Amino acid sequence: MKTKVTIQEIADFTGVSKFAVSRALSGKSGVSPQTRDMILKAAGQLGYFKDQPGQAAGRNQQLQEPENRKWAGAVLVLFPNVRYQNRESLYWGPVFDGISTRLNQKGLDILTLTEPSNDHMFSLLNPQGILGIVTVGAVSTQNLMDIKKLNIPVVMVDHMDPAFQSDTVFTDNMHSMKQIMTKLISKGYKKYQFIGNIEDAQSFYERWIGFSSALADYKIEHRQLPSLISPEIENIHETLGKALAGNELPEVFVCANDITAMFAMEALGNQGIDVPGHVQVTGFDNTYDSLPIMATVNIDKELLGMRAVDQLLWRIVNPNSNYERLLIQADVIVRESNNAARDTDEP
C-alpha cells in the first residue's frame, strides 16, 4: 500500500511547481516566506510529515507516570510574537505564570525566548541542555520546522500546525462557544454576526465552528458578512463601518475574544450604535470585566500553563506514545444586567 506523500502530489494540491515544493520542504531559498508556509501546511495536511514519536505504543505497553521522578534541567518557553504574546498580556501573562509555577514546583529551570530574530536562532540552542519546549500562542510554520530539528519534546499552548506533530493544550473553545450561543438562542435572539479573523488563530477558528454549529443545530438562518471573519477585520473601524452600510443590523455581535469585543463596541459607537441599547455584544477570555458585554468565557489561564508542563513531563517519560490534545473546560459568564428581557411575542 502506498503511504508516502510525493512532492508531485503536494505541487498538484498547492498549484505551485515541484521546484518550489522541493525548496520549501528542504528549507532552501527560492520561495517567499508566505509560499513556504503555505506549502508546509499543505504538506502537513496531506500527511507528508505524518510521524508518531518513535514507535507508537502498543495496546499492552505500560505507560509511565512522571509524578515521582526527580527532575533536573531546564525547559524553554517560546513567546513567538512578543508584541501580543508576552508576560504583560492579560491573557498570555497568566498562562506564563502557570508554566513558571509548575516548573518551580518540579524544581526545573526556565528559559524564555521571544520572537526569534533570525532563521538560525534555534541552531544556537543546545538540545542536550533542554528537556523540552513549551510554545505560547501562534508559532510560524518555519519556526516549528526549525524546532523539529532539535528532536526534543514540545507542547504547544493554544496552537497547532498540520506540518508539526506535537502534544497540544487548548481551552475547549468549540463547546464553550456553543454554550454561549445556546444561552443567547434561549433568550430569543435570532440575528447574529461573528466578528474576528478566523485565520488568525486555531482558537478563533474553533469558536467560529462552535458559533456556526449552534445556529445549524437550532435551524437559525445565518448570513455571515465575509469581511467580518477575514483578515480585513484587523482594520475593524473601517471594515465594520462598510459592512453595516446597506446591511441589516444583527441583534448580537459574537466576537472572537474580549479584545475584539472592545474594539467592536468602539467602532459601533462611531457609527452611532449603542451597546447594549441597540445591539448586544459578546466576548471570550474574560479579560475585560468592565466592558458592557452580555457574555464571555472565563478561561483558567494559569491552568493552561500548568497542564502544558504536566503534559511535557509526561511526554518526556513516554516518548513513544501517540500525541495527545488536551482540552480544558471553561466557564460561560452571562451578565443579565446587560440584557433587557426579551419577549418574542411582542411586536
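See the values below:
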{"read-out": "DSSP bridge pairs, the chain: antiparallel proportion in percent, nearest 5", "value": "15 percent"}
{"read-out": "For residue 73, distant residues with modelled amide H under 5 Å away", "value": "109"}
{"read-out": "More than 30 angstrom apart: percent of Cα pairs within the chain", "value": "45 percent"}
{"read-out": "Within the chain, helix-based [θ] at 222 nm, where runs of 4 or more DSSP H residues each add -39,500 (n - 2.57), nearest 500", "value": "-11000 deg cm²/dmol"}
{"read-out": "Sulfur and carbon atoms: percent of accessible area, the chain [1.4 Å]", "value": "48 percent"}
{"read-out": "Cα centre as origin, Lys/Arg/Asp/Glu Cβ charges: region 170-224 dipole, Debye", "value": "400 debye"}
{"read-out": "Interchain or long-range residues, amide H under 5 Å from residue 167's placed H", "value": "154, 156, 324"}
{"read-out": "Listed residue (48, 71, 181) projecting farthest to the positive dipole end of the chain, Cβ model", "value": "48"}
{"read-out": "Farthest toward positive dipole pole in the chain [+1 Lys/Arg, -1 Asp/Glu at C-beta], among 245, 306, 287", "value": "306"}
{"read-out": "Peptides 216-222, 273-279, 143-149 ordered by average Cβ neighbours within 10 Å, highest first", "value": "143-149, 273-279, 216-222"}
{"read-out": "For region 321-331, Karplus couplings with θ = phi - 60° (6.51, -1.76, 1.60), whole Hz, Gly/Pro x", "value": "7, 4, 5, 10, 10, 9, 10, 10, 5, 10, 9"}
{"read-out": "Given charges at beta-carbon only (K, R positive; D, E negative), |dipole| of region 95-233 in Debye", "value": "700 debye"}
{"read-out": "Tail weight of P(r) past 19 Å, computed on alpha-carbon pairs of region 127-228, percent", "value": "53 percent"}
{"read-out": "Sequence-distant residues sharing a close amide H with residue 197 (under 5 Å, placed H)", "value": "none"}
{"read-out": "Lys/Arg +1, Asp/Glu -1 at C-beta; region 146-282 dipole; positive extreme among 261, 276, 204", "value": "276"}
{"read-out": "Prolate/oblate/rounded label for region 162-211 (Cα gyration tensor, a/c 1.5)", "value": "oblate"}
{"read-out": "Cα centroid separation - region 63-81 against region 227-277, whole Å", "value": "42 Å"}
{"read-out": "Given charges at beta-carbon only (K, R positive; D, E negative), |dipole| of the chain in Debye", "value": "1360 debye"}
{"read-out": "Volume of the Cα convex hull of region 1-45, divided per residue and given in Å³", "value": "66 Å³"}
{"read-out": "Peptides ranked, highest mean first, by Cβ atoms within 10 Å: ranges 172-185, 250-263", "value": "250-263, 172-185"}
{"read-out": "Relative contact order (percent, whole number), region 90-216, Cα cutoff 8 Å, 6+ residue spacing", "value": "18 percent"}
{"read-out": "Relative contact order %, the chain, counting alpha carbon pairs below 8 Å whose residues are six or more apart", "value": "20 percent"}
{"read-out": "Cα centroid of region 7-36 to Cα centroid of region 128-183, whole Å", "value": "24 Å"}
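The values are calculated or read from the model by the stated rules, or taken from the named source; none is laboratory data. Please read all numbers here as calculations on a predicted model, not as lab measurements. Positions of Cβ are generated from backbone atoms using ideal geometry, with glycine treated the same way; all protein chains shown enter the neighbour counts. We work out accessible area using only protein heavy atoms, side chains counted, and drop any ligands, DNA or RNA first. Shrake-Rupley method; radii C 1.70, N 1.55, O 1.52, S 1.80 Å.
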